[in-house]
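Novice: Sharing a structure below in C-alpha cells format, with a few things to ask.
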Amino acid sequence: MKKFLVSLLAVAVVLSMAGVVLAADPHDPHNPTDDPTKPSVKPVTSGDVVVIEKPTTTTKSVDITVSSDKTEVADAINKLITGNNFIPSYVYVGGKSLDKIVTPATMFQMSAVSSDLASVDKMEIIVSMDATKVNAAFMQAHYDGTLLIDKTSYDLKAKSWYGDPVVTAEAISDDKAVKVTVNGPKYFFTTADVVLAKTTATSSGGDSSSGCNVGFAPMALLLGLPLFFLKK
C-alpha cells in the first residue's frame, strides 16, 4: 500500500510541475507578450486590408505610393511584420505603456527630401479612409535621435518601429479620414513605410492570472492526498 502511495505521490509531483510549466507558457492566450512595449502582431488577410485614397499633406516634397491590390498589400504587410521585425517600440495610452495586440489594416510608402524636413518638428498626412478601421500608425526610424513631445523625451533608435506618441493616428471628418502625425520626420525619411493598424488592449496582468492557473489547486490537493494516507 505504501509503495502505491509513494508512486501516486511521485505522479502528483510530476503532474504538478507540468501544471506550473503550462501556466508559465509564454504563448498563453491570456498573456500573449512578455514585454508590454512589444505588442503581438496578427497576420493579415486580403479581406482585412483597407485600400486608401492618395493622402494629402502640408509638408513639401512628399510622394505617396499606395497599392490598390488588396492581396498585394496583405502580402507586403505580412512580409514586413514577419521578415523585418515589426515590433512597435511605443504604444502609450494616457502616458502609460500598455500591452497591445496590433492588427495592421493597410500600408503605404512615402518619400521625402531629408533636407526639407530638417527644421520641421512634425508633419501631418490626411488619409481618406474609414477611420473606424484604424486607431494607430507606425513608422520605422532610419536615424537615432531624441524627441521632445509634451515635455517628455523619447529616444529613437534606427530600425525600430514607433507608434503613439511618436507617430499618431486620429480620426477626423466624421470618421471619413485619418490624420497621421509624424513627430521628428527627419528621423524617418527619405523613404518610409507607414502602417495603419487597429490596436486593442489585452487583459491586465491581474486578470490573466485567474485563467492561466486553473487546475493548479486540484493538482496541489492531489499532491497532498498520499501524504494524508502515509501518516495513517
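Novice: Filter segment 36-49 down to the residues that are in contact with a Ser or Thr (Cβ under 7 Å, 6 or more places away or on another chain) and surrounded by fewer than 13 Cβ atoms within 10 Å (Cβ to Cβ) and list them by number.
Specialist: S46
Novice: Can you tell me which of L148, L230 is at pLDDT below 95, part of a helix (DSSP H, G or I) and either of a type in the set (A, V, I, L, M, F, W, C) or over 23 Å from the mean Cα position of the chain (by Cα) (or both)? It would help to see each step written out before you state the result.
Specialist: Numbers: L148 fails: part of a helix (DSSP H, G or I).
Selected residue: L230, the only one of L148, L230 that is at pLDDT below 95, part of a helix (DSSP H, G or I) and either of a type in the set (A, V, I, L, M, F, W, C) or over 23 Å from the mean Cα position of the chain (by Cα) (or both).
Novice: Yes or no: segment 161-171 includes at least one residue that is at pLDDT 95 or above and surrounded by fewer than 16 Cβ atoms within 10 Å (Cβ to Cβ).
Specialist: Yes, segment 161-171 contains a residue that is at pLDDT 95 or above and surrounded by fewer than 16 Cβ atoms within 10 Å (Cβ to Cβ).
Yes or no, residue by residue, for (1) open to solvent by 20 Å² or more (accessible area, probe 1.4 Å); (2) assigned to a loop (DSSP other than H, G, I, E, B); (3) within 14 Å of K38 (Cα to Cα):
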position	(1), (2), (3)
N78	yes, no, no
I101	yes, no, yes
S111	yes, no, no
V120	yes, yes, no
M123	no, no, no
D155	yes, no, no
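For every residue, the table says whether it meets (1) outside any loop (DSSP other than H, G, I, E, B); (2) surrounded by fewer than 17 Cβ atoms within 10 Å (Cβ to Cβ).
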position	(1), (2)
V51	no, yes
K54	no, yes
I64	yes, no
T106	yes, no
S115	yes, yes
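Novice: Kindly indicate the residue of segment 42-67 that is modelled with pLDDT under 90, among the hydrophobic types (A, V, I, L, M, F, W, C) and out of contact with any Lys or Arg (no Cβ under 7 Å at 6 or more places or on another chain) and also farthest from Y92 (Cα to Cα) among those meeting that condition.
Specialist: V62
Novice: Something else now. Consider segment 125-143. How many of its residues are touching a residue at least 60 places away in the same chain (Cβ under 8 Å) and open to solvent by less than 60 Å² (accessible area, probe 1.4 Å)?
Specialist: First, the residues of segment 125-143 that are touching a residue at least 60 places away in the same chain (Cβ under 8 Å): 125-130, 133-137.
Remaining after also requiring open to solvent by less than 60 Å² (accessible area, probe 1.4 Å): 125-129, 134, 136-137.
Here the count works out to 8.
The values are calculated or read from the model by the stated rules, or taken from the named source; none is laboratory data. Keep in mind the model is a prediction, meaning the values are calculated, not measured. Reconstructed Cβ throughout: ideal geometry from the backbone, glycine too, with neighbour counts over all protein chains shown. The protein model used for the area step is the full one, side chains on, heavy atoms only, and it has no ligands, DNA or RNA in it. Shrake-Rupley method; radii C 1.70, N 1.55, O 1.52, S 1.80 Å.
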